[in-house]
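Working notes for the structure below.
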Amino acid sequence: MADYVAPDLIVDTAWLAEHLSDPNIRLVEMNQDPASFEDGHIPGAVLSPDWQIKSTNNKRLVASPSEAKAWLESAGISDDTLVIGYDRMKNRDASRLWWVLNYYGHTNVKVLNGGWIKWSTDGRPVEKGPAVASIGLATFTPKAANHDIESTTEKLRAAIHDRGAVIWDVRGRDEFTGENARGNARRGHVPGAVHLEWTELNNDNHTFKSADEIIAILRPLGITPDKTVHTY
């Protein structure tokens with residue numbers, strides 16, 4: 001992973017296998033299906049209370065500070081916890097956990113590259129049944145929201161005509177073209193957006209493609225380091 005600009009944001013299965021017993025680590029599986037978790041998960045992991053950490057009042061928005069606090073504390077995450085998130089969805093949901101924690105000022109969080117698929121295919125230890133980790137009392141203190149890592153409709157409108165910005169639609173092609181409404185009130189995409197489904201950046205074993213591969217995929221779309229990138 002050394003070729004990534006920020007390799008410290010992810011860990012591989014070898015690293016995690018060596019640190020499973022570290023007392024200050026909380027391993028969280030972001031999963032919608034408790035049954036699959038109980039069928040087999042990484043030893044010591046806890047199942048996420050909710051796989052998206054969204055507001056109960058508006059499912060399109062991130063959880064409020066009080067809701068995020070309750071969610072994270074119920075998963076055993078304190079202010080000084082090193083959080084390792086993983087999933088079974090090509091890093092999608094674990095990355096959501098990473099984003100929410102960073103949004104509320106907790107930067108001590110990493111994504112397990114390849115998640116459950118890479119862990120299990122590597123022949124690493126597996127635990128069955130409900131989570132047995134002792135969560136105990138946890139205190140998480142949300143800091144002021146980091147709006148620098150958040151886009152909004154206002155920011156997106158401004159980005160449409162901003163040559164220093166690129167709008168990236170990561171949904172399926174049929175959603176981008178408007179063939180599939182997927183429950184939305186309006187079909188289609190934001191004017192000027194480029195399309196690349198998020199899964200194109202993953203390998204078959206759910207790990208991220210190499211930095212060189214990702215650069216080669218993104219550059220033709222105008223997604224380059226000099227641009228402010230808005231994703232949806």
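Data for the structure
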| item | result |
| --- | --- |
| Anchor LYS227: aspartates and glutamates whose Cα lies under 13 Å away (excluding residues fewer than 8 positions away in-chain) | ASP162 |
| Cα shape, the chain, gyration tensor, a/c 1.5 rule | prolate |
| ILE214-ASP33 pseudo-label distance in nm [points 7 Å out on the Cα-to-Cβ vector] | 2.7 |
| Top of SER66, SER95, SER210 by mean-square fluctuation, Gaussian network on the chain, Cα under 10 Å | SER66 |
| Gyration tensor (alpha-carbon) shape descriptor, region 107-232, a/c threshold 1.5 | prolate |
| Residue-averaged 222 nm ellipticity for the chain, from DSSP H runs of 4+ at -39500 (n - 2.57), nearest 500 | -7000 deg cm²/dmol |
| Gaussian network model of the chain, springs between alpha carbon atoms under 10 Å - residue of ARG186, ARG171, ARG157 with greatest fluctuation | ARG186 |
| GluC sites (Glu not before Pro) restricted to region 163-232 and DSSP loop, no more than 14 other C-beta within 10 Å | GLU179, GLU197 |
| Packing-based order for 96-102, 226-232, using average beta carbon neighbours within 10 Å, highest first | 96-102, 226-232 |
| Across LYS69/LYS143; LYS90/LYS209; LYS90/LYS155; LYS69/LYS128, pairs whose alpha-carbon gap is larger than 18 Å | LYS90/LYS155; LYS69/LYS128 |
| Relative contact order (percent, whole number), the chain, Cα cutoff 8 Å, 6+ residue spacing | 21 |
| Prolate/oblate/rounded call for region 7-121, Cα gyration tensor, a/c under 1.5 rounded | prolate |
| Contour minus Cα-Cα distance for THR153 and ALA17 (0.36 nm per residue) | 44.8 nm |
| Within straight-line cross-link reach of LYS118, aspartates and glutamates at Cα separation under 16 Å, skipping those fewer than 8 residues along the same chain | ASP12, GLU18, GLU29, ASP87, ASP93, GLU127, ASP204 |
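We did not get these values from a lab; they are worked out from the coordinates using the rules stated. Keep in mind the model is a prediction, meaning the values are calculated, not measured. When we count neighbours, we look across all protein chains shown, and the Cβ atoms used for this are built from the backbone with ideal geometry, even at glycine.
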